[in-house]
Amino acid sequence: MKLVFAGTPEVAVPALDALITSGRHEVAAVVTRPDAPAGRGRRLVASPVAQRAAEAGIEVLKPARPRDEDFLARLREIGPDCCPVVAYGALLPKVALDVPARGWVNLHFSLLPAWRGAAPVQHAILAGDDMTGASTFLIEEGLDSGPVYGVITEHVRPTDTSGDLLTRLAFAGAGLLAATMDGIEDGSLKAVPQPADGVTHAPKITVESAHVDWEAPALRVDRVVRGCTPAPGAWSVFRGERLKLVNLLPLPDRADLAPGQLDVHKNNVYVGTGSHAVELLWVQPQGKKPMRAADWARGVRIAPGERLGTTDVR
């Protein structure tokens, strides 16, 4: 088939690579979000998908909105049979959905109908799911509600961050998307409607929702830190400034610290929660690079009884 691939971040690149190298389909063009400011200089930078497409000599389309008439005219001119999508980042209007004869097919990183929305991997970790996966489905006007072509499953490991899990799903899902394109082409795959039961939603994780509540049980604190890593990053407050929590370890055998209370040793930093303590392994102070928690604690000279989540010394 002639394909127009839609995607933007790094997580979409493995799927684009799989389609480019499949030898069975032609990736005629790529649709991606416009260049965005990045780095300290805030210079405009092309998306990872745009950069990979340029390296492969593939035409890149960067509409400000996918309903822009110039973009729609070019899409009709290319005449794709199907448009595979991975994390494009914009809602597709019906006028665009109607262009390819075999529709737009999305690779979504959950086992639909679970975790429909922008942050399925993060919410799977926040909810403590043991199993997740990826699904390919035909895009309709509803949110991730279209019929499903295929799925793969993936275990959620106890130490997985959302970044770890998303990376594995990106590579495994790339093969699923390529196989889906093959099955659509030869007629061996038929999309199956999603069940009405089991629908859950995964809205975008905000900075505020990544704020750690030390009154919560250690299990919840651990899930928030892992689910919000690398973005937007779990955080707490120390002496009136944000402290990003990069990595920690629950300690089920220790329950002698009050929520947020710090206990500093030469090579270890412990924090109390609503249940048992956790050990801070890596943190990132405001305006600085990530560092070992013990090095941070030595530098700020934590007073006895001082806590995270408050500016008071107790």
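Inspect segment 144-158 for any residue being of a type in the set (D, E, K, R) and free of Cβ contacts under 8 Å to residues at least 24 places away in the same chain and give the result as yes or no. Among the residues of segment 144-158, at least one is of a type in the set (D, E, K, R) and free of Cβ contacts under 8 Å to residues at least 24 places away in the same chain, which makes the answer yes. A count restricted to segment 176-220 and to residues that are within 24 Å of Gly103 (Cβ to Cβ), touching a strand residue (DSSP E or B) at 6+ places or on another chain (Cβ under 9 Å) and either in a helix (DSSP H, G or I) or charged (D, E, K, R) (or both) stands at 10. Considering segment 24-45, the residues that are out of contact with any helix residue (DSSP H, G or I) (no Cβ under 7 Å at 6 or more places or on another chain) and in a loop (DSSP other than H, G, I, E, B) include one that is surrounded by the most Cβ atoms within 10 Å (Cβ to Cβ), namely Arg33. Does segment 35-42 include one or more residues that are acidic (Asp, Glu) and modelled with pLDDT of 95 or more? There is no residue in segment 35-42 that is acidic (Asp, Glu) and modelled with pLDDT of 95 or more.
Checking each residue in segment 225-259 for being under 18 Å from the mean Cα position of the chain (by Cα), buried (at least 20 other Cβ atoms within 10 Å of the Cβ) and small (Gly, Ala, Ser) picks out Gly227, Ala234. Scanning segment 201-224 for residues that are of a type in the set (A, V, I, L, M, F, W, C), in contact (Cβ under 8 Å) with a residue 60 or more places away in the chain and either on the phi > 0 side of the Ramachandran plot or open to solvent by less than 80 Å² (accessible area, probe 1.4 Å) (or both) yields Ala202, Ile205, Val212, Trp214, Ala218, Val224. Within segment 1-12, the only residue that satisfies the criterion of being assigned to a helix (DSSP H, G or I) and surrounded by fewer than 21 Cβ atoms within 10 Å (Cβ to Cβ) is Glu10.
The values are calculated or read from the model by the stated rules, or taken from the named source; none is laboratory data. Every value quoted in this text rests on a predicted model; they were computed, and no experiment measured them. Here the Cβ is made from the backbone with ideal geometry for all residues, glycine too, and neighbour counts use every protein chain on show. Just the protein is used for accessible areas: all its heavy atoms, side chains included, with ligands, DNA and RNA removed. Shrake-Rupley method; radii C 1.70, N 1.55, O 1.52, S 1.80 Å.
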